[in-house]
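Please treat every number below as a calculation from the coordinates, not as lab data. Because the structure is predicted, anything quoted here is derived from the model rather than measured. Neighbour counts are summed over all protein chains in view; Cβ atoms, including those assigned to glycine, are modelled from backbone coordinates with ideal geometry.
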Amino acid sequence: MQEQDIRGFVDLRDEKIGRKIRDAEVNKVPYMLIVGEKEAADGKVSVRRKGQGDLGSMNVEEFVKTFQAEVKM
């Protein structure tokens, strides 16, 4: 992500995933990339978009293309 100039942060708090997602939505975080054990093993990220919810799993390159296409709009 840094190579593509996409800024972000990692939430390393000792909270359940549902709490982290809710907090991110309250703070109006536009995209959440969730990486659990399953995603890490598959080399993918689970993507959630503010206002749209879960967009499913995709690899990082797919997300970067989707994100860059939206930013150019």
**Request:** Considering only the stretch 28-46, state which residues are touching a residue at least 12 places away in the same chain (Cβ under 8 Å) and assigned to a helix (DSSP H, G or I).
**Result:** Glu39, Asp42
**Request:** May I ask you to list pairs of residues, at least six apart or on different chains, whose Cβ atoms are under 8 Å apart, with the first in the stretch 12-27 being at negative phi and the second being hydrophobic (A, V, I, L, M, F, W, C)?
**Result:** Ile17/Ile34; Ile21/Met32; Ile21/Ile34; Ala24/Met32
**Request:** Could you list, in sequence order, all residues of the stretch 29-60 that are more than 21 Å from Gln2 (Cα to Cα) and under 13 Å from the mean Cα position of the chain (by Cα)?
**Result:** Lys50, Gln52, Gly53, Asp54, Leu55, Gly56
**Complete:** Expected single match for loosely packed, with under 12 Cβ neighbours inside 10 Å and out of contact with any Ser or Thr (no Cβ under 6 Å at 6 or more places or on another chain) among Glu3, Glu62, Glu25 is Glu3
**Message:** Checking Phe63 against (1) hydrophobic (A, V, I, L, M, F, W, C); (2) in a helix (DSSP H, G or I); (3) over 10 Å from the mean Cα position of the chain (by Cα): exactly one of these is not met. Which one?
**Reply:** (3)
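If a residue must be among the β-branched types (Val, Ile, Thr) and under 12 Å from the mean Cα position of the chain (by Cα), how many such residues does the stretch 1-28 contain?
At the first step, the residues of the stretch 1-28 found to be among the β-branched types (Val, Ile, Thr) are 6, 10, 17, 21, 26.
With under 12 Å from the mean Cα position of the chain (by Cα) added as a condition, the list becomes 6, 10, 21.
Adding up the residues that qualify gives 3.
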